[in-house]
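Each reported figure results from applying straightforward, stated rules to the coordinates on display, with no laboratory input. The model shown is predicted, which means the values in this text are computed figures rather than measured ones. Note that each Cβ is placed from the backbone with ideal geometry, even for glycine, and that neighbours are counted across all protein chains shown.
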Protein chains: 2
Amino acid sequence: MTYSPPERDIRFLLHEVFRLPEEWQAIPALSDFTGDVVDAVIQEGGRVAAEVLSPLNRIADTEGCSWKNGVVTTPKGFREGFAAFVEGGWLGLSGNPAFDGQGMPKTLGCLVEEMFWAANPSLYLYGTLSVGSALCIDSHGTAEQKLMYLPRLYSGEWTGTMCLTESHAGTDLGIIRTRAEPRADGTYGITGTKIFITSGEHDLAGNIIHLCLARLPDSPAGTKGISLFIVPKFMHDASGKLGARNTAFSGSIEHKMGIHGSATNVMNFDNATGYLIGAANAGLACMFTMMNYERLSVGLQGLGAGEAAWQFASAYAKDRLQGRATTGPQRPDAPADPLLVHPDVRRMLLTIRAFTEAGRAFAVLVGRELDRAKHGEDKQAQVFSELLTPIAKAFLTDRGFDSAVLAQQTYGGHGYIAEWGVEQLVRDVRIAQIYEGTNGIQAMDFIGRKVLRDGGATLEAFVAQMRQDDIHPCYEAACVEAEARLFRVTQGLVIRSRDDVNLPGAVATDYLELAALTFYARLWARMAKVAEGTDLAEQKAATAAFFFARLLPKTYALERFIEATSEVVMGVGTDQL
Amino acid sequence: MTYSPPERDIRFLLHEVFRLPEEWQAIPALSDFTGDVVDAVIQEGGRVAAEVLSPLNRIADTEGCSWKNGVVTTPKGFREGFAAFVEGGWLGLSGNPAFDGQGMPKTLGCLVEEMFWAANPSLYLYGTLSVGSALCIDSHGTAEQKLMYLPRLYSGEWTGTMCLTESHAGTDLGIIRTRAEPRADGTYGITGTKIFITSGEHDLAGNIIHLCLARLPDSPAGTKGISLFIVPKFMHDASGKLGARNTAFSGSIEHKMGIHGSATNVMNFDNATGYLIGAANAGLACMFTMMNYERLSVGLQGLGAGEAAWQFASAYAKDRLQGRATTGPQRPDAPADPLLVHPDVRRMLLTIRAFTEAGRAFAVLVGRELDRAKHGEDKQAQVFSELLTPIAKAFLTDRGFDSAVLAQQTYGGHGYIAEWGVEQLVRDVRIAQIYEGTNGIQAMDFIGRKVLRDGGATLEAFVAQMRQDDIHPCYEAACVEAEARLFRVTQGLVIRSRDDVNLPGAVATDYLELAALTFYARLWARMAKVAEGTDLAEQKAATAAFFFARLLPKTYALERFIEATSEVVMGVGTDQL
């Protein structure tokens, strides 16, 4: 499948639905990003995705990475592919202009990221971790650290990693064992083994900057005793000139279900030289600057997979001739009609489209709040972005995976055969539901920290903000009903969870889905309204109609699921499981 | 993961829930199958699954099959593994005793099959196609054909295949092009290329018997012009002694997402000698004898994957220490509590268990109807078995896949790494939703041929039969409510589909799920009742409670989805998709 950038849909969201270039005119730091500039960025990002990244996606899977004596070789063509990020400055898109970043709106960055993820997730992983580590250094580093690392991470001359996980410590970072010994010269000796380190070692850049969590001597137990360190692969002088090899080595790479082109390393730190970033024992908070960025980015991976799934399924359903329409042959000249005549095939296609396009609108919504939080006076925007991030991570990746599986199903037996590429899509996107905090963790974060902690006030405020936009009147009642259900369920949970502390965890996954579907409803009603009279009118009206009839009513079931007490899951004896 | 046969649960269903050995005492052909005999079969089948097949499952994936000059080599150990089928007579379990089959109840065969599928789906595929092709020959072959092939297929000395698909013809068999030219000696020259031929070539048996669909000259177009032929790999004399190689060769094998140990062949028939089986132009009906068997068997593959998923997830959730219980440390001695303390992890585990155990009960239900149809006077049983088969194929495999994905999710990042084995489970079971008729095809068969054709009468009669069994009183109301919903939806569809011919196809998938959940409700209510006072009481009560609270309410949403007209999917212009 040749990836085709969804430029029209992206422009529809930017210019017509959310009118962001207009909004940016009023923000000094973003006022350069006029409609024309924005369109040019999307067009060029789409070109890179389609012409450079996408053609390397199959070989990423078939060849994968190899490891020999600590040296990792990426698939053929990856060096040239990564060079496109460097040449185009794509990794510095939303970077700090004071350090050679381009300072573009986050929203725009999200839409470019979606295309990169859709075209080649293995290759873009080398990029996203650089962008995220730069963000962390920009937020918590010293002036010298910023000056040293940001320009090089933005340019792609060097890349970044996040070293959190240890074999016994994944979600539970409080129990990590990697140690940091202070040295007389102010540096630290980092010792320990980290696993699942994406881009921990590779052949695409001159240096690798590890952001590594470790414990200082006598630090408090648990998450309050973790500090963050910058550990470069190669030591460097003050001018950035590379020196001796630091003692941070890749011990091996993992054999994985998918994203074979991405090197997932076991990293051995053997008294490696590290530099503290941020305050001692405040490392987890620093790391979460990066983690929150990566969570949104991973959500965009799910969105990109959904778009790829759409393109796979739509193309095959038009091309493959099989069976006849119930109402009689549509292609009497051919031995059979295209798959597209079958209602169940259309159900699969429209499910993919409805979730993908609403997912893209949702991503824009998150990006907008991040831009407003960064550049505006609006304190609410930061809170909204935190409310929406776990949904972006979990719901976009869950629907991206489902979409890939549906696309594969459309292909019948051919969907199971490697050469068609759609089974790779399923394998590649599966990781997005797991890494950067499993989707179960996202659901618990959402229901606990983001909703119940303030009694649902932020959630209600966000819905109130969404309600300021015009929507298609024929969906007004359905949106209001869904929102009333969400509020009713939320208030019920506020009360019930006082006496049932396990309740939020027990219903977290269903609750996140309930909220996401409710938000998507208003987004579809909005898109259907805005598309009226445009070239997208028929498509948006049809997809909105499908969403309200065939997807939104899941909320009826979700409300019922959430009515159960936690006893239903917690009451079972451990010996019975 | 070491597979552990679910013997206790199987005995619970056979002896306690359905009391089948009792029922079989009244059937002369089955009266040998007393409780003791049945238990011995399950125990020995379980031993083969756990000790012989399961240890070969990882190598099936990592080594896969290889093809060289038309010769296929199966993974190391597969010859010895297949020999266990031969030595134990497992492939003739439900075979015709007149030809060395063991004549066991189909129900018992299903439960053994589940264990083989769970332990090693790649390897068991070589078995299931032999069993199915034997069934087809037993139903449609001449006395001579039966005498020649059945004993050898039952013993595993030879294996069988089903050659249906061509590159342009999968679901739509009416457009196949393979030709059969009558010869003067009464044989036929078969010419054409078939794809996706499981076990079409391999090194496990002395001969391979292809059941191949082809067109006779001047046959009517479409499905009414298809005939079925027996095409042996090696010619043989009347004593079964092998002679010349027939001109049916493997052109290549496919690279697939999973089931790597199963050889999926492109088969080239080049004027290969074939023998007509059944009447000319009645081949599709003959093939469907095998197809219906395989559909149930594939459902059991989904069930087996669900059981394996349960064992994977349960073991890991107990072993892996990560985080602390909301209510305070449960293992204060350890650095963290087991995953099992987390409500969302329990939700995943209980979802797997609730669907797997009800799925097993459902499989027994289908087997019972098949046994009653074969051995009893009850004409209704055949109709019921036809009603239930598409659900067994689609719902058991959909839930098997979901269960594998949930188990993988339980593992976090380790679930994505090959060495843990759970990602293989996901890849292996994915095919079950596709082959032997995609699950969309099953849903259309169910709603169209099995339900709406007689206005829902068979469906209602089946529910009435289920209602004869005692169930736990606390679930009586929920069962009746779900059944009332199913009947209401069905009668609505009967009326609405008169004017909306695309409606059944448009809602088929949701309707099948609605029916399956409704049947599962009564099965859980039954199991909860029967388990009272036994060692399984707590486990069954807890899982039933979970099912009714957290899974059955999906029916509220499904009813809403089905209220939509087909316009929602069919009204979208083809140029808009």
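Key figures
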read-out: Nearest-0.05 FRET efficiency for residue B:69 and residue B:221, computed from C-beta distance (R0 35 Å); value: 0.40
read-out: Neighbour net charge for residue B:483 - beta-carbon separation under 13 angstrom, K R +1, D E -1; value: 0
read-out: Share of pairwise Cα separations in the range A:438-567, more than 19 Å, in percent; value: 50 percent
read-out: Rule-of-thumb Rg ratio for the protein assembly as shown [Cα; 2.2 N^0.38 Å; N residues]; value: 0.94
read-out: In order through the range A:425-432: 3J(HN,Hα) via Karplus (6.51 cos²θ - 1.76 cosθ + 1.60), integer Hz, x for Gly, Pro; value: 4, 4, 5, 5, 7, 4, 5, 5
read-out: Distance between the range A:369-397 and the range A:533-560 - C-alpha centres, whole angstrom; value: 24 Å
read-out: Ranking of A:183, B:485 by count of other Cβ atoms within 10 Å, fewest first; value: A:183, B:485
read-out: Across the protein assembly as shown: Cys residues that no other cysteine approaches within a C-beta distance under 4.7 Å; value: A:65, A:110, A:136, A:286, A:474, A:479, B:65, B:110, B:136, B:286, B:474, B:479
read-out: Sites residue A:465 and residue A:501, calculated FRET efficiency, Cβ-Cβ separation with R0 41 Å, nearest 0.05; value: 0.85
read-out: Residue A:242 paired with residue A:480, simple spin-label distance in nm, labels 7 Å along Cα-to-beta-carbon; value: 6.4 nm
read-out: Separation of alpha-carbon centers, the range A:126-187 and the range B:48-100, rounded to whole Å; value: 50 Å
read-out: 10 Å-binned pair-distance histogram of the range B:382-461 (Cα, whole percent); value: 19, 36, 23, 15, 7, 0
read-out: Estimated vicinal HN-Hα couplings, Hz - the range A:211-216 in sequence order (Karplus 6.51, -1.76, 1.60; Gly, Pro = x); value: 9, 10, 7, 8, 9, 6
read-out: Pairwise FRET efficiency - residue B:183 versus residue B:327, Cβ, R0 = 56 Å, nearest 0.05; value: 0.10
read-out: Within chain B, helix-based [θ] at 222 nm, where runs of 4 or more DSSP H residues each add -39,500 (n - 2.57), nearest 500; value: -16500 deg cm²/dmol
read-out: For the range B:441-482 versus the range B:190-237, the gap between their alpha-carbon centres in whole angstrom; value: 38 Å
read-out: Distance histogram in 10 Å bins (all Cα pairs of the range A:155-259, percent per bin); value: 14, 44, 32, 10, 0
read-out: Stokes-Einstein D for the range B:95-134, Kirkwood Rh over Cα pairs, 20 °C, 1.002 mPa s (µm²/s); value: 199 µm²/s
read-out: Footprinting exposure proxy for B:123, A:523, B:300, A:536 (fewest neighbouring C-beta atoms within 10 Å first); value: A:536, A:523, B:123, B:300
read-out: Size of electric dipole in the protein assembly as shown: Cβ of Lys, Arg +1 and of Asp, Glu -1, about Cα centre, debye, nearest 20; value: 240 debye
read-out: The range A:525-577 - Debye-derived log10 I(q)/I(0), Cα point model, q = 0.12, 0.14, 0.26 Å⁻¹; value: -0.50, -0.57, -0.93
read-out: Approximate shape of the range B:505-553 as ellipsoid semi-axes (Cα gyration tensor, √5λ), whole Å, largest first; value: 27, 10, 6
read-out: Hz values of 3J(HN,Hα) by residue in the range B:476-486 - Karplus curve (6.51, -1.76, 1.60), Gly and Pro given as x; value: 4, 5, 5, 5, 5, 5, 5, 5, 4, 5, 4
read-out: Amide proton proximity set for residue B:252, modelled H, under 5 Å, gap of 5+; value: B:266
read-out: Cβ-placed point charges (K, R +1; D, E -1), dipole of the range B:257-354 about Cα centre in debye, nearest 20; value: 420 debye
read-out: Computed over chain A: relative contact order in percent, which uses C-alpha pairs under 8 Å that are six or more apart; value: 12 percent
read-out: Rounded to the nearest 20 debye, dipole of the range A:177-315 from Cβ charges on Lys, Arg, Asp, Glu; value: 240 debye
read-out: Rg in Å to one decimal, and Dmax rounded to a whole Å, for the range B:3-66 via C-alpha atoms; value: 16.0, 50
read-out: Rel. contact order, % - alpha carbon contacts under 8 angstrom, at least six apart, the range A:438-567; value: 34 percent
read-out: Net charge of Cβ neighbours under 13 Å - reference residue B:569; Lys, Arg +1; Asp, Glu -1; value: 0
read-out: Potential extension, residue A:491-residue A:79 segment - 0.36 nm per residue separation minus Cα distance; value: 143.0 nm
read-out: Descending semi-axes in whole angstrom, ellipsoid equivalent of chain B, from the Cα gyration tensor; value: 38, 29, 25
read-out: Order of A:138, A:237 - criterion: other Cβ atoms within 10 Å of each residue's Cβ, fewest first; value: A:237, A:138
read-out: Farthest positive-ward along chain B dipole, Cα basis, beta-carbon charges - from B:52, B:401, B:305; value: B:401
read-out: The range A:315-428: relative contact order in percent, alpha carbon pairs under 8 Å with at least 6 residues between; value: 20 percent
